[in-house]
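Please treat every number below as a calculation from the coordinates, not as lab data. These numbers were taken from a predicted model, which means no experiment stands behind them. Note: ideal-geometry Cβ built from the backbone for every residue, glycine included; neighbour counts use all protein chains shown.
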Amino acid sequence: MNILITGGTGLVGKHLTKLLLSKGYKVSFLSRKKEQIPNVKVYQWNIEKGQIEADALTNVDYIVHLAGAGIADKRWTDKRKQEIIDSRIKPIQLLNKHLQTHKIKLKAFVSASAIGFYGGDTGETRLDENSNAGNDFLATCTKIWETETKNFTQAERTVSLRTGIVLSEAGGALPKLAQPIKLGVGSPLGSGKQWMSWIHIDDMCQLYLQAIEDKKMHGPYNAVAPEPIRNEEMTKTVAEVLKRPLWLPNIPSFAIKLLFGELAITVLGGNYVKNKRVSEEVSFSYEFPRLKEALENLYA
Ligand SMILES: NC(=O)c1ccc[n+]([C@@H]2O[C@H](COP(=O)([O-])OP(=O)(O)OC[C@H]3O[C@@H](n4cnc5c(N)ncnc54)[C@H](OP(=O)(O)O)[C@@H]3O)[C@@H](O)[C@H]2O)c1
């Protein structure tokens, strides 16, 4: 079976590729740049110009769509917000159009999504896949992303994985959170009470594999571990696993807002997201359901 991954060069894509190759899948990437990657054929695309390298879609059975401009990489200006949306939506439209032209129907189109669907800060509310979407920027972006995925006609089924905070030592939120702790100057952010719905990168990639292989999976699933944790607990657990002290008071919210502007919601806000559909409808067992074991594995 052939799996084409968009944005396969990123954090999740690299890890997922190793897993898929180990399971005997053939993997190719659609990337903005031509790169040499062992055991992976890299095709180039230019999303703005609507161009996809010839043969990229030939014999493809599944597409995993991970491409998108980094949510927390830059301050959210109006231009950056549009880039964040376009870089997720335009590839879906482009792929669907090319598959239509070549009369190719995929077995499944599996797309990343995000728990930002519910809004950047939903306080103490317990959220599952039946909860309403929020109405801030993250929620708006994610809603459009999922709608485009649902409207993808050239696949027998579509899946959106509403991804929580992916824990990996190789990138994403954890190294940013752990760096000050390693330097002995770590502390919880803002009130420290905000919920963090996280998932170990191994479980995240196993969920992508499940979404590819399990024909019953369709629609949105919260891709999070069973137990969300408050920011202060996350910070303390990282410090404990790294055997570093925590002695500073919390970093005040106003300082974070001053530094990051609207983007501050990604660290000061949070969501308590439940893995309802994964736990009730999918035969999936987490390798790392608890935070301490997840962190011990990552820092082993
Ligand atoms: N990691 C998390 O904690 C997390 C949480 C929630 C949701 N997600 C979502 O899951 C997906 C994968 O996450 P990730 O952490 O692996 O992301 P990542 O490391 O940022 O990688 C995303 C990939 O997208 C491509 N890309 C970057 N900017 C782009 C642009 N302007 N236009 C088109 N493509 C662009 C790049 O691939 P090329 O350079 O090869 O084109 C990049 O390697 C993303 O959509 C992300 O929003 C991740």
Q. Roughly how many whole Å is it from the C-alpha centroid of region 32-97 to that of region 174-242?
A. 25 Å
Q: Determine, for 21, 167, 57, the number of other Cβ atoms within 10 Å of each Cβ, and report the residues in order from fewest to most.
A: 21, 57, 167
Q: Neighbouring Cβ atoms within 10 Å as the yardstick, rank 79, 143 fewest first.
A: 79, 143
Q) Per q in 0.20, 0.23 1/Å, what log10 I(q)/I(0) does a Debye calculation on the alpha-carbon atoms of region 170-228 return? A) -0.90, -1.04
Q. With the radius of gyration and the Kirkwood radius both derived from the Cα set of region 224-300, what is their ratio Rg to Rh?
A. 1.05
Q) Which parts of region 150-174 would a label at residue 216 reach, counting a residue when its backbone N lies under 20 Å from a point 7 Å out along Cα-to-Cβ? A) 156-162
Q.
Given region 7-78, report the % of alpha carbon pairs whose separation exceeds 15 Å.
A. 58 percent
Q | For the chain, size of Cβ-based charge dipole, Lys and Arg +1, Asp and Glu -1, in debye | A | 600 debye
Q) residue 283 to residue 144: FRET efficiency via 1/(1 + (r/R0)^6), r the Cβ-Cβ distance, R0 25 Å, to the nearest 0.05? A) 0.20
Q) In a solvent-free Debye calculation with one equal scatterer on each Cα, what is log10 I(q)/I(0) for the chain at q = 0.13, 0.15 Å⁻¹, listed in the order of the q values? A) -0.92, -1.21
Q | Two-decimal ratio, region 53-157, of alpha-carbon radius of gyration to 2.2 N^0.38 Å | A | 1.19
Q) Projected onto the charge dipole of the chain (+1 at Lys/Arg Cβ, -1 at Asp/Glu Cβ, origin at the Cα centre), which of 253, 123, 288 gives the Cα projection farthest towards the positive end? A) 253
Q | Gain on full stretching of the segment that runs from residue 259 to residue 227 - 0.36 nm per residue minus C-alpha separation | A | 8.5 nm
**Q.** Anchor residue 257: lysines whose Cα lies under 24 Å away (excluding residues fewer than 8 positions away in-chain)
**A.** 74, 79, 81, 176, 182, 193, 236
Q: Counting helices only, and only those DSSP H runs with n ≥ 4, report the 222 nm mean residue ellipticity of the chain as the sum of -39,500 (n - 2.57) divided by its residues, in deg cm²/dmol to the nearest 500.
A: -11000 deg cm²/dmol
Q. What is the ratio of the Cα radius of gyration of region 99-189 to 2.2 N^0.38 Å, where N is its residue count, to two decimals?
A. 1.44
Q. Any idea what Rg and Dmax come out to for region 43-97 if you just take the C-alpha atoms, in Å?
A. 12.9, 40
Q. Pairs 14/34; 243/292; 90/143: which are spaced more than 19 Å apart, C-alpha to C-alpha?
A. none
